[in-house]
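This report concerns only the one structure given below.
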Amino acid sequence: MLDLGFVRGNLELVEEKLRARGADPAVLLGDFRALDKNRREAITQAERLKARRNELSQQVGALKKAGKNDEAAAAMEETRALKEKLEELDKTAAALDEELRLALARVPNLTRDEVPVGTSEADNKVVKTWGEERKFDFEPKPHWEIGEALGILDLERAAKLSGARFAVYMGAGARLERALIGFMLDLHTRKHGYMEVLPPFMVNSRSLFGTGQLPKFAEDLFRCSDADADAATRGEFKDSDHWLIPTAEVPVTNLYRDEILDEAQLPIALTAYTPCFRAEAGAAGKDTRGIIRQHQFQKVELVKFTRAEESDAEHEKLTRDAEEILEALELPYRRVLLCTGDTGFSSAKTYDLEVWLPGQQLYREISSCSNFEAFQARRANIRYRPSEGLKGGARAKTEFVHTLNGSGLAVGRTWLAILENYQQADGSVVIPAALRPYMGGADRIVKECG
C-alpha cells in the first residue's frame, strides 16, 4: 500500500505511474483530492468542536460554583448539542477514512524509473542470457510426451482424480520432483545463507491482504468454506478464515506482520518449500498441454526483509541466488526486466528468469524475483527500529522494512525443463550431475519394465 502522505503530496506522479501500468487513476483513486479534503475538514471540525466542548465542561463547574445556574444550564445544553454534532462528524470522518483506505488498497505499487514502459510481455527487456541452447540430432519432444512415454507423468489419471490442470508424478518422476526440492533448499541454506521455514499451507485473509493478493485477486485463489470472498472484496480481512496459499511468499512474509524488528536482525533471508494452489481464473485456454500452468504445484521460495538502503543490492543478490540453481543444473536461461504493464500488483521492480524449453522452442518463466520496497510492509505493518539508540532521550522512530521475494525455483517447471533439455534419442532422460546424489546415484531416467 502506498503512503497516504506521499500520494497527497505527489498525486500527479502517482497518476502518471498508474497510467504507465495501463491503469486508470480515476477508477482506482476516484476524486482523491476531494475525498482527502473532505476527510481532513471533518477531522479538523471535530477537533474544534471537541476543544469547545472541553472548554464548556470547565465553564459549567465554575458557573455552578459561582451560583450562575442559568448560564451553567445554557453551557450544558450547548455541550449536549455539540455531542450530537461530534457523533455525526465522527461517523462522517470514519466513513471517509474507510473510503480512502479502500481506494489506497486498490492502488498497485509504483514501478521504478528504470522499469521500461510497456503494455505486455512483448515490451519486457532481456538483460542477460546464460548457457547455449542444445542442438539435437533428432526432433526434441515436449515434456508431456516424454513423461508419458517414460511412465513418470500421468495427466489422464490426475484429471480423473481432480479435474484439469493437475498432475500425478510416478516412479522416477516423483523422485525427481523430491530431489529438486532437496537440492534447491540445500543450495539456498548451505551456500546462500537462507534459513529454512516450513509454514502453514493455509492462511487467513489478513495475510493475503498483507502481501497484496486481496482484495484484488480473490478470484484467483482457492478458499475454504469459512472464507468470505465478498467480505474480502469489501475490505473486511479476518484472522479466523482460511485460504490455500498461492505461494509461500504469503505465509513467510506475514511471519513478521504487526511486529517491530531490530535493525541488527536485517537483512533476514528465508527459504521455504510449499505446494501452491491457484485457481488461474484468468488463464482459461492458456497452456492446456503439460504442466506449465497447474492448480497445484510445488515451489521453493526466497523471501528477504531489508532496510531501504539495501533492498536494491539484496534484490540483485536474490536474483543471482535463483540463477545459480539453473546454472548448477546447466539449463540455459535469460533474465528479463518486466515492463510497467507486466509488473505484478505489489512489485516496484521484477526480474523474470526464463528457461529454454527445446521441446516447445521457447523460453518460459521459471522464477519471478521482485522488490516490493515498503509496499507490502505498509499493508502488513512490518517495521524495524534503527539501532541508533536514543535520540534526545527518545527511542529512534520505527521505519518500514523493504520486502523481496523470488522463486528459487518453481519445481514443476524445473522438472519439465530437465526432461526437455536432457532428453535423448532413445527416449531416456539424463539426470544433471548436480542432482544425481539426490537420485540415489542414478544418471538417467528410463522406462521401467511393467
Seminar exercise, completed: Going through (1) surrounded by fewer than 22 Cβ atoms within 10 Å (Cβ to Cβ); (2) part of a strand (DSSP E or B); (3) in contact with a Pro (Cβ under 6 Å, 6 or more places away or on another chain) one by one, Lys304 fails only at (1)
Exercise. When segment 134-173 is examined, which residues are found to be under 32 Å from the mean Cα position of the chain (by Cα) and in a loop (DSSP other than H, G, I, E, B)?
Worked result: Pro142, Gly163, Ala164, Arg165, Phe166, Ala167, Met170
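Can you tell which of Gly30, Gly61, Gly22 is surrounded by fewer than 17 Cβ atoms within 10 Å (Cβ to Cβ), modelled with pLDDT of 95 or more and of a type in the set (Gly, Ala, Ser)?
Working: Gly30 fails: modelled with pLDDT of 95 or more; Gly61 fails: modelled with pLDDT of 95 or more.
Of the residues listed, the single one that is surrounded by fewer than 17 Cβ atoms within 10 Å (Cβ to Cβ), modelled with pLDDT of 95 or more and of a type in the set (Gly, Ala, Ser) is Gly22.
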For this session: Six or more apart or on different chains, Cβ under 8 Å: which pairs go from a residue in segment 249-275 that's in contact (Cβ under 8 Å) with a residue 24 or more places away in the chain and closer than 17 Å to Asn371 by Cβ to one that's open to solvent by 30 Å² or more (accessible area, probe 1.4 Å) and among the basic types (Lys, Arg)? Could you list them?
Result: Leu266/Arg307; Pro267/Arg307
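Considering Ala269, Ala264, Ala248, which residue is hydrophobic (A, V, I, L, M, F, W, C), open to solvent by 20 Å² or more (accessible area, probe 1.4 Å) and touching a strand residue (DSSP E or B) at 6+ places or on another chain (Cβ under 7 Å)? Even if it seems obvious, please write down each step before you answer.
Details: Ala264 fails: touching a strand residue (DSSP E or B) at 6+ places or on another chain (Cβ under 7 Å); Ala248 fails: open to solvent by 20 Å² or more (accessible area, probe 1.4 Å).
The conditions single out Ala269.
Given the structure, is Pro246 in a loop (DSSP other than H, G, I, E, B), closer than 26 Å to Trp144 by Cβ and either basic (Lys, Arg) or at pLDDT 95 or above (or both)?
On the way: in a loop (DSSP other than H, G, I, E, B): yes; closer than 26 Å to Trp144 by Cβ: yes; either basic (Lys, Arg) or at pLDDT 95 or above (or both): yes.
Against the criterion (in a loop (DSSP other than H, G, I, E, B), closer than 26 Å to Trp144 by Cβ and either basic (Lys, Arg) or at pLDDT 95 or above (or both)), Pro246 qualifies.
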Exercise. Going through segment 105-120 one residue at a time, which ones are surrounded by fewer than 18 Cβ atoms within 10 Å (Cβ to Cβ) and either modelled with pLDDT of 95 or more or assigned to a loop (DSSP other than H, G, I, E, B) (or both)?
Worked result: Arg112, Asp113, Glu114, Pro116, Val117, Thr119, Ser120
For this session: Would you please name the residue that is least open to solvent (accessible area, probe 1.4 Å), looking only at residues in segment 187-211 that are in contact with a Pro (Cβ under 8 Å, 6 or more places away or on another chain) and in a loop (DSSP other than H, G, I, E, B)?
Result: Pro199
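Based on this model, can you work out whether Val27 counts as free of Cβ contacts under 8 Å to residues at least 24 places away in the same chain and β-branched (Val, Ile, Thr)? Full working, then the answer.
Values: free of Cβ contacts under 8 Å to residues at least 24 places away in the same chain: yes; β-branched (Val, Ile, Thr): yes.
Considered against the rule, which asks whether it is free of Cβ contacts under 8 Å to residues at least 24 places away in the same chain and β-branched (Val, Ile, Thr), Val27 comes out as yes.
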For this session: Report whether or not Ile366 is outside any strand (DSSP E or B), in contact with a strand residue (DSSP E or B) (Cβ under 7 Å, 6 or more places away or on another chain) and in contact (Cβ under 8 Å) with a residue 12 or more places away in the chain.
Result: no
Seminar exercise, completed: Taking segment 391-427 and keeping only residues that are more than 18 Å from Val355 (Cα to Cα) and surrounded by 17 or more Cβ atoms within 10 Å (Cβ to Cβ), one is left with Phe400, Val401, His402, Thr403, Leu404, Asn405
For this session: Of all residues in segment 116-160, count the ones that are hydroxyl-bearing (Ser, Thr, Tyr) and over 22 Å from Arg293 (Cβ atoms).
Result: 1
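Name every residue in segment 388-401 that is at pLDDT 85 or above and outside any strand (DSSP E or B), in order of residue number.
As a first pass, look at segment 388-401 and keep what is at pLDDT 85 or above: 397-401.
Scanning segment 388-401 gives Lys397, Thr398, Val401.
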Exercise. Restricting segment 1-12 to residues that are touching a residue at least 12 places away in the same chain (Cβ under 8 Å) and open to solvent by 50 Å² or more (accessible area, probe 1.4 Å), which is farthest from the chain's Cα centre (by Cα)?
Worked result: Arg8
Exercise. So Glu330 fits all but one of (1) out of contact with any Phe, Trp or Tyr (no Cβ under 8 Å at 6 or more places or on another chain); (2) part of a strand (DSSP E or B); (3) open to solvent by 10 Å² or more (accessible area, probe 1.4 Å); what number is the exception?
Worked result: (2)
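Each row is one residue, and each column tells you yes or no for (1) of a type in the set (A, V, I, L, M, F, W, C); (2) touching a Phe, Trp or Tyr at 6+ places or on another chain (Cβ under 6 Å).
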site: Val126; (1), (2): yes, no
site: Gly131; (1), (2): no, no
site: Ile146; (1), (2): yes, no
site: Leu161; (1), (2): yes, no
site: Ala164; (1), (2): yes, no
site: Arg178; (1), (2): no, no
site: Phe183; (1), (2): yes, yes
site: Asp186; (1), (2): no, no
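The values are calculated or read from the model by the stated rules, or taken from the named source; none is laboratory data. Remember, predicted model here, so these are calculated numbers, not experimental data. All Cβ positions, glycine included, derive from the backbone under ideal geometry; neighbour counts span all protein chains shown. Quick note on the areas: whole protein, heavy atoms, side chains included, nothing else; ligands and nucleic acids left out. Shrake-Rupley method; radii C 1.70, N 1.55, O 1.52, S 1.80 Å.
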